[in-house]
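Trainee: Got a structure here, written out as structure tokens. Questions coming.
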Amino acid sequence: RLADTETCGACHPDALQTWQASAHARASFDNPWYRQAVDAIRDDVGREESRFCAGCHDPVLLVAGAMEEEVAPEDPRAHAGVTCMVCHGAQEARPDGNGSYTLSTRAVPLPDPADPAEIRAHVEALTPEPLRTASLCGSCHRGFLGSHMGNPHHLGGIDDLTAWSRSGYAGSAASRLDEPVEAATCQGCHMPLERVSGRDFAADDAGRVHSHRVAGGHSAMAAGDPAQARAIEARLAGAARIDVAALTRDGRTHLPADGAPVRPGDAASVDVVVRNLATGHRFPGGTLDAQDTWIELSIEDAAGRRVAASGADHAANDEDGAHRLEAVLVDDEGNAQRAHHVHRFRAKVFDHTLGPRDAAAVRYAFEVPAGATFPLRARARLLHRRHPEALRQAACDAQRSARGRAFSSASEALGRRPLDACAPQLITEIAEATVWLGAGADGREPTGGATERVWRRHCDHALALIGDVQERL
């Protein structure tokens, strides 16, 4: 019953259609990025220990007791993901994480669509108290490692719940000085009302249902699904703001940087500020070690010649030194674990992601060439793709293996699009800002984050400097 989504879809086709495109639907062994990580746990630590992952990724296999066994590609339970009855059957959700929810085993009353009393009974049974709360989402979007995975001590992991609960979106005004923001929940942001076919029994008077796409940053899964890709891009657009906020030369800082008087031969630095503008948890969120969000800064002269750049080659080489909004975890030897092999995590050495409404500054030093022509154009972009290259490559290798090919074939046999971990990753521009420097800058229009009112740009810069400069490049 936990695995059955088709019965639900008979009356709720729109919810089923959008869910099928979601990360929830592809959370299990048919997801090559996840499979390579959970298979590594099963090989290195043990099958029983892999139940650590299953409460959130494989509830159907877990309930069946199948995580202690070999998981075969043709087993439909290994393709189930987070099904309708995981969320709609949760009678209790606790803040512990690692799948800290309790499922009901009561039978679901299926109503006669013409009987209002039966419909009410059905709705009441499938809208348990935790359903619309952040606690339900937090029961999986919070995780930790401990002795059950061979760790010598507790190590916190994914934790969108805590960041949200301490933010203005949850009603907390204690975390930082800020403008008031409207209250927002996980479901309010990630499950907006959406009109699809209008045939869904749960549709409102306008023919809309809450989208079950749960669009966030999982753009790699959306390759080959234009509708899901558009939903993810819409969710990411405006999530953060970027600005070329200040320029310093000869010991003097120009705020903002627009029109700062630079000349050939100058040694200067610019502060690029990123602010988490509209994400209710850390940005980027989710598994903070498995993100690839970076700043691209380019400074060109009036003839289009590159004066300085950082992150311009990151898409082809993610070891290029670009500033990345990520967390890095290391193993016992201090080696960075980029492929999300969580059983090897021992410590988090830094975290450059941003809390809700928080800001960070990255300082870039450069020299203006003697032959540069003016004005200079300084452009900063905030770019996102789902996975760092090491994780993408690990998943691609796993997919090309005999086991990976068998899972792809099984997905096709079940009528599902196989996920392609080897495909080029979608890159989304989240924010951009352009300013002009030096002689001739007057009359050149800034763009993006540099068009905000000056006081707001100053405020973002000041908030960033409360936490000190994040990196000097």
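The values are calculated or read from the model by the stated rules, or taken from the named source; none is laboratory data. Remember, it's a predicted structure, so these values are computed and weren't measured experimentally. All Cβ positions, glycine included, derive from the backbone under ideal geometry; neighbour counts span all protein chains shown. Protein only, heavy atoms only, side chains kept; ligands, DNA and RNA dropped before computing areas. Shrake-Rupley method; radii C 1.70, N 1.55, O 1.52, S 1.80 Å.
Trainee: Quick check for you: with a 1.4 Å probe and neighbouring chains kept, what is the accessible area per residue of the stretch 319-473, in Å²? Kindly include the intermediate steps, with their values, before the conclusion.
Mentor: Numbers: 6970 Å² over 155 residues.
The answer is 45 Å² per residue.
Trainee: How high is the relative contact order of the chain, in percent, with contacts defined as C-alpha pairs under 8 Å that are six or more residues apart? All intermediate terms of the calculation are to be shown ahead of the outcome.
Mentor: Details: 1020 pairs, mean separation 79.4, N = 473.
Once normalised by length, the contact order is 17 percent.
Trainee: Divide by every residue of the chain the summed helix terms, -39500 (n - 2.57) for each DSSP H run of at least 4, and state the resulting mean residue ellipticity at 222 nm, rounded to the nearest 500 deg cm²/dmol. Walk me through the intermediate numbers first.
Mentor: Working: 14 runs with 119 residues, N = 473.
Result for the chain: -7000 deg cm²/dmol, rounded to the nearest 500.
Trainee: Ordering Leu473, Leu2, Leu247 by accessible area with a probe of 1.4 Å, largest first, what comes out? Spell out each step's value before the answer.
Mentor: Details: Leu473 60, Leu2 35, Leu247 0 Å².
These residues rank, largest area first, as Leu473, Leu2, Leu247.
Trainee: At a 1.4 Å probe radius, carbon and sulfur cover how many percent of the accessible area of the chain? Spell out each step's value before the answer.
Mentor: Values: 11020 of 21280 Å².
For the chain, the apolar C and S fraction of the accessible surface comes to 52 percent.
Trainee: When only DSSP loop residues count, what GluC sites (Glu not before Pro) in the stretch 24-100 have their Cβ near at most 15 other Cβ atoms within 10 Å?
Mentor: On the way: sites: Glu48, Glu49, Glu68, Glu69, Glu70, Glu74, Glu92; in loops: Glu69, Glu70, Glu74.
For GluC sites (Glu not before Pro) across the stretch 24-100 that sit outside H, G, I, E and B with at most 15 neighbouring Cβ atoms in 10 Å, the list reads Glu69, Glu70, Glu74.
Trainee: Now a separate question. What spacing in nm lies between the two simple spin-label points modelled at Val330 and Arg306, each 7 Å away from Cα in the Cβ direction?
Mentor: The two pseudo-label positions are separated by 3.1 nm.
Trainee: If you average the sequence gap of Cα pairs under 8 Å that are 6 or more apart and divide by the length of the stretch 108-227, what percent do you get for the contact order? Don't skip to the end; give the middle numbers.
Mentor: On the way: 118 pairs, mean separation 16.2, N = 120.
Answer for the stretch 108-227 is 14 percent.
Trainee: Can you give the longest run of the chain that contains no trypsin sites (Lys or Arg not before Pro) sitting in a DSSP loop with at most 10 other Cβ atoms inside 10 Å? List each step's numbers first, then the result.
Mentor: On the way: sites that count: Arg106, Arg453.
Maximal segment without exposed cleavage sites: 107-452.
Trainee: Quick one: length gained pulling Thr7 to Ala121 fully straight, 0.36 nm per residue minus the C-alpha distance? Don't skip to the end; give the middle numbers.
Mentor: On the way: separation 114, 0.36 × 114 = 41.04 nm, distance 1.69 nm.
39.3 nm is the gain from fully extending Thr7 to Ala121.
Trainee: Could I ask something else about it? Excluding Glu68 itself, what net charge comes from residues whose Cβ is under 15 Å from its Cβ, given Lys and Arg +1 and Asp and Glu -1? Don't skip to the end; give the middle numbers.
Mentor: Working: positive: Arg42, Arg47, Arg51, Arg77; negative: Asp39, Asp43, Glu48, Glu49, Asp58, Glu69, Glu70, Asp75.
Value of the local net charge: -4.
Trainee: Once you put a point 7 Å from the Cα of Ala439 and another 7 Å from the Cα of Ser197, both along the Cβ direction, what distance in nm separates them?
Mentor: 6.8 nm
Trainee: Something else now. Averaging sequence separations of C-alpha pairs under 8 Å and six or more residues apart, then dividing by the length of the stretch 307-424, give the relative contact order as a whole percent. Intermediate results must be reported in sequence, preceding the final value.
Mentor: Numbers: 96 pairs, mean separation 23.6, N = 118.
Relative contact order, the stretch 307-424: 20 percent.
Trainee: Of the DSSP beta bridges with both residues in the chain, give the percent that are antiparallel, rounding to the nearest 5. Write out the running numbers ahead of the final one.
Mentor: Working: 61 of 64 bridges.
So the antiparallel bridges amount to about 95 percent of the total.
Trainee: If Ile427, Ile158 are ordered by their accessible area, calculated over protein heavy atoms with a 1.4 Å probe, which sequence runs from highest to lowest?
Mentor: Sorted descending by solvent-accessible area, the residues read Ile427, Ile158.
Trainee: Same structure again: Once phi is turned into ³J(HN,Hα) by the Karplus curve 6.51 cos²θ - 1.76 cosθ + 1.60 with θ = phi - 60°, what whole-Hz value does each residue of the stretch 357-364 show in order, with x for glycine and proline?
Mentor: The phi angles translate into 6, 8, 9, 9, 10, 10, 9, 10 Hz.
Trainee: Between Val181 and Glu48, what FRET efficiency comes out of the Förster formula 1/(1 + (r/R0)^6) with R0 = 25 Å and r the beta carbon distance, rounded to 0.05? Intermediate results must be reported in sequence, preceding the final value.
Mentor: Values: r = 44 Å, r/R0 = 1.75.
Rounded to the nearest 0.05, the efficiency is 0.05.
Trainee: Next question, about the same structure. Return one whole number: the accessible area per residue of the stretch 147-227 in Å², for a 1.4 Å probe.
Mentor: Spelled out: the 1.4 Å probe surface of the stretch 147-227, per residue, equals 56 Å².
Trainee: Right, something else. Would you calculate the convex hull of the Cα atoms in the stretch 230-375 and tell me its volume per residue in Å³? Each step should come with its number before you reach the end.
Mentor: On the way: hull volume 22.8 nm³, N = 146.
It is 156 Å³ per residue.
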